[in-house]
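The values are calculated or read from the model by the stated rules, or taken from the named source; none is laboratory data. Since this is a predicted model, take the numbers as computed values, not measurements. Positions of Cβ are backbone-derived with ideal geometry, glycine not excepted, and every protein chain shown enters the neighbour counts. The protein model used for the area step is the full one, side chains on, heavy atoms only, and it has no ligands, DNA or RNA in it. Shrake-Rupley method; radii C 1.70, N 1.55, O 1.52, S 1.80 Å.
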Amino acid sequence: MFLAILAGFLLAFAAPLLYRWLGKWVYVPMALLPFSIFIYLLTLAPAVLAGNNLGELHAWAPSLNINLHFFLDGLSLLFALLITGFGTLIMLYAGGYLKGHPLLGRFYLYLALFMTAMLGLVLAGNIISIFIFWELTSISSYLLIGFGHDKESSRNSALQALLVTGLGGLALMGGLILVGMAGETYTLSELLDRGDMVTNHALYLPALVLVLLGAFTKSAQFPFHFWLPNAMAAPTPVSAYLHSATMVKAGVYLLARLTPVMGGTNEWQYTLMVVGGITTVLGALLATQHTDLKAILAYTTISALGLLVTMTGIGTAPALEAMVVFLLAHALYKGTLFLVAGNVDHATGTRELTQLEGLSGSMRYTAIAALLAGMSMAGLLPFFGFIGKELLYEATLQESPFRWMLFAVSFFSGMVFVAVAIALGYGIFWRRSASPTPLQHADKALLYLPPVLLACTGLVFGLLPGFFVTPLLQRAAEGMLGVEQVFELALWHGFNLVLGLSLLTVLLGYVVYHFSNRLLSYANRFNRLYLFGPANLYQMGLKGFLKGATKITAFIQNGYLRSYIAAIITAHIALVVLSLWRNGPRLELVNRLPELGQLRMYEVVLLLMIVPALIFLFKSRSRLTSIAIMGIIGYSVALFYILFGAPDVAATQLLIETLTVVIFVLILHKLPAFTYLSHASERYKYVLLSLAFGAMMTYVILIVKQYPLDSQLKAYYGESSYLLGQGRNIVNVILVDFRALDTLGEIVVLAVAAIGILAMLKLRMQKGDKS
Amino acid sequence: MELILPFLIGILFSASLYLILHRHFFKLILGLILFGLATNLFLFVIGRLTRGGSAIIGQGENVATEPFADPVPQALLLTAIVIGFGIQAFAIVLIKRVYQSFGTTDLDDMSTTDQIEENH
Amino acid sequence: MKTIILATAIRILIPIFIIFSVYTLFRGHNHPGGGFIGGLIGAIAFVFHTMTHGPQQTVDTFLKLNFYGYPRQPNQSRSLYLMRMMRVNVWRRRKMARHPEIKHRMIRIESVYIIATGLLLAATSGVVGLLSGQPFMHAYWADFYIPVLGKPGTPILFDLGVYLLVIGVVLKITFVMSEE
């Protein structure tokens, strides 16, 4: 599994190169990668279906208990197969859709990056790595949405998606860490057994809120749903892959994954049910208010995501069963419909529902795919979508206090789905039309094959539900329930209440379709409501944030070095004074006065050199004099070092001081002459600040020196310098042996400083300033 | 001496900070150098002073005998001084270059580079 | 800053400075000294030379290697040619500089090269430990003494790297400051 991820990343970054070599054929290797991973996963499938969970461990940061851990059970396998299988088709489709685009290589880079990140997300066996892959999907999604970066709307949408999902990701990180703390492990397989421990922990509630924030933003749940329709600015392959089938389901995956860990409590259930329910209804409602194909699909996707979340929230065995089945069904038909919409857009140049008609003649295969997917979406009989819808109804009708509410929600969305399915699968293609929309180019094989394949898969799964699908979905549901679960998927359940309700849905859906024009005419009346919608709040928030940031920056970053330094020093003094004042020890100077008697003559002399030198430094108006005075101070300090047993430091200080003086002399005539610049009125402020700083440092030293230093390091180096380091000069042994790595770092800093100086010189030569 | 050095360090810090807060480039450099000096001395004093006896193991012995100076702050200082020199040199070249490019000796004249326009 | 006394004295003093700096470098493991101090002493010699004679002169005198040579004849044996070239470059330099057939090639040792060499040496001394399965920077010592230099070992190599780097950095800074 590690190799699969690694190969994905490698190929992603090789994509631009491959494009240069292979030209339009670049889709061949790009599609081969997900395909081979798909096959590889299929070889692992028998073991997983037999009930084993596969794990793979690579040490990453062992000291922090973070490993690169992969974990494959039914749930991850379902998602992984979806990602790679659908990924293969998307890679092919993108080759046709963006044929001849100059940035195709880059597009494949982003797409492969996303696919790998998504794969990593579902295979990760450690919640920290889940988070990292999660963020990677957000970033690659940002790049993909902003692929048409020459359009401003595209950039804005990309930024919006990044901000919303990124903020959610931030919350998620906090939540996952809290979960890890509550469960005392970050390893998923261990966490799965510690559900009680987590739910009873004091940190459960904050962890839940944060995790749900992460999942809801990613899966476009109310009130964060607004980024998804805007994300449709991305090229259609991206919309189909990221924004209907995989990435938006990452939130659902996370919820499903954490169901055994965090689920089962009232907070979990009610939050998911309420948020999911609102999202379902809202998505369905808004879907009827649009005429753009992709927008309609986006809103129905939001609605479907809401349903999935609701099902996860209900959390009973039938509900989870319904959830996995609906998830697969939805991915199949919604992916197809997106691709169909892309084809129509590509061929006719428009996505407006009202302008498209009679396309079945000119786009035969696309029309067939659309029809099949539409029937699946509507939940008609031989299709997989039918099974999904049946199970949904069954799950909502289970005994519970909210059964009618839940049923109403899913029924309403089902109705809208039928209407949308008729409009897309039938309306624009097969309805008889006097003037079919003209095509700009004929249907292309690379464009219609993937949707046809996907749609057929939906049909096959529907006709043969027992083959492969049932065991897979069963294991997936088990991964959430944590107990053995047997369920039978069958197309035909006999005549019962659910079937009747299904029929009713279709009928009412047709009615909605029939009156869709009238529904659309109401659309404008909601405009005023949108002012208070989350999308608008987001805009206002963003604007306010930027404005505030500008103001604060302008205030803090005013361009005066003095004020920066003064601010830093003031804060420093304040912090030190605060901590010393609160619980600092008292200074006892009086007892130590006798120490003054130990003063030696030469020490006093040195002292008497430094202080007057400083006074002269301030009095001096000549640069040369001040440099000489600096030299005197430096040499005096060096003598201090000698007095207190540091010959090495003293020698270094002496030499450096010499060098400084020499270099100053070399450069002196190129430096500006002394002039007085400061205003007298401002100066007192700085004098006070400087004095306060000096006083604080003095105080700190005095306090520190009241206590004896118990240095084990000193004793250790004293004992082992010769015996281990084979040297008698302990300082040197520390530098070149015990702490050689530190010294290496320090000389690198020196080298960097030299290179920096060189760079500044080069810069000057290029620009040719006045010299 | 133990009692007087803290005050000396305080004086050095005050003087260097005051120099740094000047508007003139040259004083800024002086201040930086002096600040480095004070910091080094601060570290040295915090690491306790030992009179007589450097951190060197005598001939014929295997283990250092008390009193010997603490080698840890010394090792820190030694590299700090050299690096400090490198940074000083960098600062000097930078300031020289600024002087050549902008023809000013006043730090306040360069405040425009950091300012952002509020209208955007 | 061309004072005749300093200018003359520094020429004589430079070899002494260099020898003393190398001595300081190698005694540093047992007595005060070491790579940093040795490097600074060595660098100061050049800095004083630059101060009195100017950077160009310093570079010409100390940091340029002249190689003399002529193209190999087609039928000349390779080893013979190599030996000739060695003789030309080692013993007969003065004479060769004016010889009509001989071309000379100059290699200027940039101070950045010295920095890089020093860094490389210091880093390589750590790799020795890595290669033999020990942690990076594990020290290895030889079992014998070399009279003046002391006991050879990887920490000495590391110190040598520090020495070269310090010289290089100070030279670079000095040249930048005094050039233009």
Dipole in debye (nearest 20) - the range A:716-764, about Cα centre, beta carbon charges: Lys, Arg +1; Asp, Glu -1: 340 debye
Minimum 50 Å² accessible area buried by the other protein chains, the range C:17-55 residues, probe 1.4 Å, relative to alone: C:H29, C:N30, C:P32, C:F36, C:I37, C:L40, C:I44, C:M51
Residue-by-residue Karplus 3J(HN,Hα) for the range A:96-107, coefficients 6.51, -1.76, 1.60, Hz, glycine and proline x: x, 5, 9, 4, x, 5, x, 9, 4, x, 5, 4
Lys/Arg +1, Asp/Glu -1 at C-beta; the protein assembly as shown dipole; positive extreme among C:V112, A:P436, B:A55: C:V112
Relative contact order, percent, chain A [alpha-carbon distance under 8 Å, six or more residues apart]: 10 percent
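Taking the Cα centre of the protein assembly as shown as the origin, how large is its charge dipole in debye, to the nearest 20, when only Lys and Arg (+1) and Asp and Glu (-1) carry charge on their Cβ atoms?
Details: 69 positive and 51 negative charges, 895 e Å.
Computed about the Cα centre, the dipole is about 4300 debye.
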Low-density loop positions, GluC sites (Glu not before Pro), the range A:364-430 - DSSP coil, at most 15 other Cβ in 10 Å: A:E399
For A:F70, residues with placed amide H under 5 Å, excluding near neighbours: A:E56, A:L57, A:H58, A:G125
Residues whose placed amide H lies under 5 Å from that of A:R431, excluding near-sequence neighbours: A:G358
Most positive-pole-ward Cα, A:A322, A:I132, A:L481, against dipole of chain A from beta carbon charges: A:I132
Surface share of carbon and sulfur [accessible, 1.4 angstrom probe, percent] for chain A: 68 percent
Heavy-atom surface of the protein assembly as shown, accessible at 1.4 Å and reported per residue (Å²): 44 Å²
Pairwise burial A:B, computed as accessible area of each alone minus the pair, summed, 1.4 Å, Å²: 9700 Å²
Table column - 3J(HN,Hα) (Hz), the range A:689-706, Karplus curve with 6.51, -1.76, 1.60, x for Gly and Pro: 4, 4, 5, 4, 5, x, 4, 5, 4, 4, 4, 4, 4, 4, 4, 4, 6, 5
Total charge dipole magnitude, chain C, about the Cα centre, Cβ charges on Lys, Arg, Asp, Glu only, Debye to nearest 20: 1100 debye
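Loop only by DSSP, 14 or fewer other Cβ within 10 Å of the Cβ. Give me the GluC sites (Glu not before Pro) in the range A:542-631 that pass, ordered by residue number.
A:E588
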Where trypsin sites (Lys or Arg not before Pro) fall in DSSP loop in the range A:427-477, at most 13 other Cβ within 10 Å: A:R431, A:R432
Set A:K249/A:K294; A:K218/A:K547; A:K249/A:K547; C:K103/C:K172; A:K670/A:K762; C:K64/C:K103 screened for pairs whose C-alpha atoms are more than 25 Å apart: A:K218/A:K547; A:K249/A:K547; C:K103/C:K172
Under Karplus coefficients 6.51, -1.76 and 1.60, residue-wise ³J(HN,Hα) of the range A:384-395 in Hz, glycine/proline x: 5, x, 4, 4, x, 5, 4, 5, 4, 4, 4, 5
Charge dipole of chain A about the Cα centre (unit charges at C-beta), most positive-ward option of A:G85, A:T187, A:M247: A:M247
